Amino acid sequence: MHIFTACLGTETNTFSPIPTGRGLFEETYLVRGGAYGDNPDLFALPLMVFRDRAKARGWRVTESLCAFAVPAGPTLDRVYAAYRDEILADLKRALPVDAVLLSLHGAMVVESIASGETDLVAHIRAIVGPKVPIGVELDLHCHLTAELVATADAIVIFKEYPHIDAADRAGELFEIIASTAEGKTRPRMSLFDCRMIGLYPTTLEPMAGFVQRMRTREGRDGVLSISLAHGFPWGDVPELGTRVLVITDNDAALGAKVAAELGRELRGLRTKIEPLWTPLGQGLDEAEACGERPVVLGDVSDNAGGGAPSDSTFVLAEMLRRGMGETAIGCFWDPGAVALAFEAGEGARLTIRVGGKLGPMSGDPLDLDVIVRALRRDVHQHYFGGSKARMGDMAALTIAGAKDFDVVLNTVRAQTFSPDAFTQLGIDPADKRYVVVKSMNHFRAGFAPLARRIIYLSAPGAIDVNYRRLPYRRVIRPIYPLDDNAWSASP
Ligand SMILES: [Zn+2]
């Protein structure tokens, strides 16, 4: 057997002002031929699992491009086409192959293509023909298009948010595709469209229980795999929304029945599965009133992982106005300020302009009197399952005149996933009263063990969690919660 693997992905916030071009892929993660290195991206982990499992069976593996860009605005047409064509050229050179396994995101919007993944898989199908199985792993924040489901043989989606299960899902996908290539299994995919937009962390109830119920139905009665495509609310594309996907061994009727049951159950939970978004002022009131420490506050509106600039100053400005101290806040994407801090050196005192650079959604820049506490070059923070996220060069600045208030800046725009974004600069978040992280929910995996309280702050910013306020133009209507009659035209 000979399998072919590749990864091309990003998560596109169609409302983001930041273009996704070649530089963003190269800066985030781009390797070829399986050279994943010591700091593999989360989306490289599935390719490593595919390779290990194939080699354990004595199969040959051809590894093509593995490219991922930190979320931002639409991917440029020419950049997408160049990477896609590189993968297709590698595939043609590798023929004949017995299976194709892909690690994709599922919410990659290209300037003139609503779903990059659907386009890529269609091109691959045209090359390998109808008989070679194609397996795809996706992030649960995907736009699961009907055409992608019709084109691929098996799609397995992360079940957990935070995404701690990328490698586990890759193993399941490999087994389904391997069994298909060997002629033992005939996967059939069934899709149920919930007609919902939302964001559903899986560490909280009742979502955690829903994920558990998906799991318990797998591996019985010919049900091979069950996935929930949560959707990505900040991607304005026609097929935005939440869908249940069930893979059976050649039993589409059973798959459709199970998918509909789960999809209707999720609809019933719709008002209970979103986090409690707390407005900025109220969230800081609650943090100040909290008797325990540290309180971890997610600045969800400025989450780089959702395509936001990661340089908004609304939370920092309000905390300083209130005279709050004993704080660590990060990570601000501000290469200019980091360059000034490096030039001044550790221990230097300077007035420095921080944040507020990318646009109105970033707020006003703040001119701060600071002492340069620590400087580090080429930092990576822990992501999930042994993967790493590149942070670039980092600077920790202590605000002069405030009480123990540290601001962390970096040069490679990245979500704050893990306490080591702070500890690598000598700041222990556990010692602080308040820890503010620019992250939507992924921070929960790393920070929940030390947090006495977690607050999802809905400050102004690029990521508005009030979906009714977003200027959608392309999403197919009706859909919850934009429309009152979301289920009038669906089963
Ligand atoms: Zn995701």
Taking region 226-269 as the region of interest, how many residues are of a type in the set (S, T, Y) and within 16 Å of the ligand (Cβ to nearest atom)? 2
Inside region 257-274, the number of residues satisfying the requirement of being under 18 Å from L199 (Cβ atoms) and without any contact (Cβ under 8 Å) to a residue 24 or more places away in the chain is 2
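Counting just the residues of region 380-405 that are surrounded by fewer than 20 Cβ atoms within 10 Å (Cβ to Cβ) and closer than 28 Å to H163 by Cα, which one comes out farthest from the chain's Cα centre (by Cα)?
Applying the first criterion (surrounded by fewer than 20 Cβ atoms within 10 Å (Cβ to Cβ)) to region 380-405 yields 380, 382, 385-386, 393, 398, 400-404.
Restricting the remaining residues to those that are closer than 28 Å to H163 by Cα gives 380, 382, 385-386, 393.
Numbers: H380: 17, H382: 14, G385: 14, G386: 16, D393: 22 Å.
Ranking the qualifying residues of region 380-405, first place goes to D393.
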Scope region 189-217; condition over 21 Å from the mean Cα position of the chain (by Cα) and acidic (D, E); matching residues: D193
Flag if L173 is under 20 Å from the mean Cα position of the chain (by Cα) and either among the hydroxyl-bearing types (S, T, Y) or assigned to a loop (DSSP other than H, G, I, E, B) (or both): no
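Report whether or not I164 is out of contact with any strand residue (DSSP E or B) (no Cβ under 6 Å at 6 or more places or on another chain), β-branched (V, I, T) and within 15 Å of the ligand (Cβ to nearest atom).
Working: out of contact with any strand residue (DSSP E or B) (no Cβ under 6 Å at 6 or more places or on another chain): yes; β-branched (V, I, T): yes; within 15 Å of the ligand (Cβ to nearest atom): yes.
Answer is yes for this residue.
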What residue, of R452, R469, is in contact with a strand residue (DSSP E or B) (Cβ under 8 Å, 6 or more places away or on another chain) and either under 27 Å from I371 (Cβ atoms) or of a type outside the set (S, T, Y) (or both)? R452
Which strands (runs of 3 or more DSSP E) sit wholly inside region 1-102 and have at least 3 residues that are modelled with pLDDT under 95, closer than 30 Å to L470 by Cβ and within 16 Å of the ligand (Cβ to nearest atom)? none
Here are T202, T278: which of them is within 16 Å of the ligand (Cβ to nearest atom) and either modelled with pLDDT of 95 or more or assigned to a loop (DSSP other than H, G, I, E, B) (or both)? T202
Of the numbered conditions (1) within 16 Å of the ligand (Cβ to nearest atom); (2) without any contact (Cβ under 8 Å) to a residue 12 or more places away in the chain, D428 fails exactly one; give the number of that condition. (1)
Hits in region 128-156 - residues which are in a loop (DSSP other than H, G, I, E, B) and within 16 Å of the ligand (Cβ to nearest atom): D139, L140, H141, C142, H143, L144
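The values are calculated or read from the model by the stated rules, or taken from the named source; none is laboratory data. It should be emphasised that the depicted structure is a prediction, and the values quoted were computed from it without experimental measurement. Counting neighbours? That spans all protein chains shown, and the Cβs are built from the backbone with ideal geometry, glycine included.
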